[in-house]
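Engineer: Take a look at this one; I'll ask things after.
Every number in this text was worked out from the coordinates using simple rules, so none of it is lab data. This structure is a prediction, so every number in the text was calculated from the model and none was measured. When we count neighbours, we look across all protein chains shown, and the Cβ atoms used for this are built from the backbone with ideal geometry, even at glycine.
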Amino acid sequence: MPVSGLGGYDQNSAILAESFAPYVSDAVFIANRVVKVMWDNAQRHDEGRFLALPILTSMNDTAEVFGQYDTLASGPQSLYSVASMPWSWYQTAVSLDYITVKLVRGPNMRVDNLTTQIETAIGSATNILGQDTCSVNKGKNAGHGTNIVGIYESCDAGATFDVYANIARLGSNSFAGWQGNVISLAASGLGTATNDVARSQILRNMGACVVGDAAPTHIMGHQQVISSFMFSMDSQVRVSPGDAANPYLGNPHVLGAQCIGDNHFDTISGTGTNSAAIGYNFFYVNANHTKYRYFGEKGFDFVPWIDTPNVLEKTCRYVIGLACASDNPRLNGFYGAVNDLLNL
């Protein structure tokens with residue numbers, strides 16, 4: 001008598017994994033606060049080996065005032081360059097082996113088994129996207145992949161990340177308008193009053209990131225730096241009891257920019273005699289210009305079940321291609337490193 005299902009596997013469980021694909025996309029991109037902001041503003045791009053963004057680098061110098069009989073300016077203009085980034089491909093796999101399916105009795109338990117695996121896959125995918133987006137220290141890489149270039153890179157002025165999206169920020173043939181606005185405090189000052197969160201510096205850097213009507217939409221940082229900000233503003237603002245108890249969840253605002261705390265952002269260690277002190281950066285981000293750019297359809301693609309050679313096991317995958325890129329880094333910036341509250 002032939003064995004039911006797909007090669008001895010429970011057919012309903014295998015089919016269920018495909019129906020989870022939209023759920024994987026939704027859950028991954030709402031499970032992390034920074035990732036959700038970037039995904040909410042995500043933009044689709046056409047196929048191509050690289051993400052290419054046209055960047056205006058100069059004005060048209062034929063614009064002029066003229067009078068009677070004047071000779072008018074004309075001629076070709078070099079107005080723009082192209083910022084380019086490679087796509088980053090992320091996957092998470094779910095497996096079903098023959099023996100486990102047989103030992104896990106009944107279709108409901110098999111579905112629960114598969115659901116648990118998919119939920120774990122969602123959490124793992126969310127974690128690596130959050131880490132790559134927020135941290136300089138990137139997550140797991142299969143060997144030939146390119147991790148996302150994230151928030152820090154888009155906000156830097158060139159001191160740490162000079163070449164961004166194939167355009168230099170400093171030196172010869174650079175584009176100064178490609179620099180973020182940075183107030184840099186020495187890590188050697190962590191643990192002293194020089195690196196305390198300063199309301200004046202927060203507002204100063206906010207103003208530096210404003211061009212015309214474009215201003216940072218979010219101020220991002222480690223949960224502890226958002227707590228430090230609220231501590232420095234304690235005498236200036238009112239918070240509800242819930243905000244006071246959960247400062248990084250209270251969504252405080254600065255001049256219309258929402259503050260978001262996320263523990264994927266890096267900590268900064270003090271140096272010298274203050275090596276035990278810890279600091280963080282505030283990142284100013286204009287999410288209208290700094291966002292995820294996705295490849296193909298929005299969300300994860302489902303790659304159907306594949307038999308593993310010589311093993312009684314099937315594996316399916318959820319895959320996405322995307323980049324995190326700013327087309328106007330001068331609207332971004334950062335301020336730090338500032339003291340953790342524990343330094344005070």
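Engineer: Checking the cross-link filter: which lysines have an alpha carbon closer than 17 Å to that of Lys314, excluding same-chain neighbours under 8 positions apart?
Structural biologist: Result set, ordered by chain and number: Lys102.
Engineer: Could I ask something else about it? Once you put a point 7 Å from the Cα of Ala42 and another 7 Å from the Cα of Leu342, both along the Cβ direction, what distance in nm separates them?
Structural biologist: 3.5 nm
Engineer: Take Ile99 and Thr192, extend 7 Å from each Cα along the Cα→Cβ direction, and tell me the distance between the two endpoints in nm.
Structural biologist: Rounded to a tenth, the inter-label distance reads 6.3 nm.
Engineer: Roughly speaking, what % of Cα-Cα pairs in segment 264-341 are separated by over 17 Å, rounded to a whole number?
Structural biologist: Values: 2071 of 3003 pairs.
The proportion of pairs with Cα distances above 17 Å equals 69 percent.
Engineer: Please arrange Arg44, Arg317 by how many other C-beta atoms lie within 10 Å of their C-beta, fewest to most. Don't skip to the end; give the middle numbers.
Structural biologist: Numbers: Arg44 10, Arg317 18.
Ordered by Cβ neighbours within 10 Å, fewest first: Arg44, Arg317.
Engineer: Taking a quarter of the surface of the convex hull around the Cα atoms of segment 136-201, what do you get in nm²?
Structural biologist: 6.8 nm²
Engineer: Moving to a separate point now. Charges only on Cβ, +1 for Lys and Arg, -1 for Asp and Glu: so what's the dipole of the chain about the Cα centre, in debye to the nearest 20?
Structural biologist: In total the dipole reaches around 420 debye.
Engineer: Which distance in nm do the two modelled labels at Thr116 and Thr146 give, with both placed 7 Å along the Cα-to-Cβ direction?
Structural biologist: Here the answer is 3.9 nm between the modelled labels.
Engineer: Please report the antiparallel percentage of the DSSP beta bridges confined to the chain, to the nearest 5.
Structural biologist: The antiparallel fraction comes to roughly 80 percent.
Engineer: Which pairs break 20 Å Cα to Cα here: Lys36/Lys291; Lys138/Lys298; Lys36/Lys298; Lys138/Lys291? Let's see the in-between values first.
Structural biologist: On the way: Lys36/Lys291 10 Å; Lys138/Lys298 23 Å; Lys36/Lys298 14 Å; Lys138/Lys291 18 Å.
The pairs that break the limit, which is 20 Å between Cα atoms, are Lys138/Lys298.
Engineer: Using 0.36 nm per residue of separation minus the Cα-Cα distance, give me the extension gain between Ser174 and Asn263 in nm, one decimal.
Structural biologist: In short, 28.7 nm is gained.
Engineer: Among Val136, Val211, Val34, Val94, what is the fewest-to-most ranking by other Cβ atoms within 10 Å?
Structural biologist: Least crowded to most crowded, the residues run Val211, Val136, Val94, Val34.
Engineer: Output the 0 to 90 degree angle, nearest 10, between the alpha-carbon long axis of helix 199-208 and the longest principal axis computed from the alpha carbons of the chain.
Structural biologist: Once rounded, one gets 90 degrees.
Engineer: Here's something else I'd like to know. Counting other C-beta atoms within 10 Å, which of Asp26, Asp156, Asp266 has the fewest, and how do the rest follow?
Structural biologist: The fewest-first ordering by Cβ neighbours comes to Asp26, Asp266, Asp156.
Engineer: For the chain, what is the relative contact order in percent, using Cα pairs closer than 8 Å and at least 6 residues apart in sequence? Write out the running numbers ahead of the final one.
Structural biologist: Values: 664 pairs, mean separation 89.4, N = 344.
About 26 percent, as a whole number.
Engineer: A follow-up question, please. Rounded to the nearest 500 deg cm²/dmol, what is the calculated helix-only ellipticity per residue at 222 nm for the chain, with -39500 (n - 2.57) per DSSP H run of length n ≥ 4?
Structural biologist: Taking each H run of at least 4 residues, the total per residue is -7500 deg cm²/dmol.
Engineer: Still on this model: Please give me the summed charge of the neighbours of Ser84: other residues whose Cβ is under 13 Å from its Cβ, Lys and Arg +1, Asp and Glu -1.
Structural biologist: Taking every other residue near Ser84 into account, the sum is +1.
Engineer: Given the convex hull over the Cα atoms of the chain, what projected area results after averaging over all orientations, in nm²?
Structural biologist: So the Cα hull casts an average projection of 26.0 nm².
Engineer: Evaluate 2.2 N^0.38 Å with N set to the residue count of segment 84-200, then give the Cα radius of gyration divided by it.
Structural biologist: Normalised Cα radius of gyration, segment 84-200: 1.66.
Engineer: Here's another thing I want to ask about it. Fully extended, how many nm does the chain gain between Ser84 and Asp307 (0.36 nm per residue separation, minus their Cα-Cα distance)? All intermediate terms of the calculation are to be shown ahead of the outcome.
Structural biologist: Numbers: separation 223, 0.36 × 223 = 80.28 nm, distance 3.73 nm.
Value of the extension gain: 76.6 nm.
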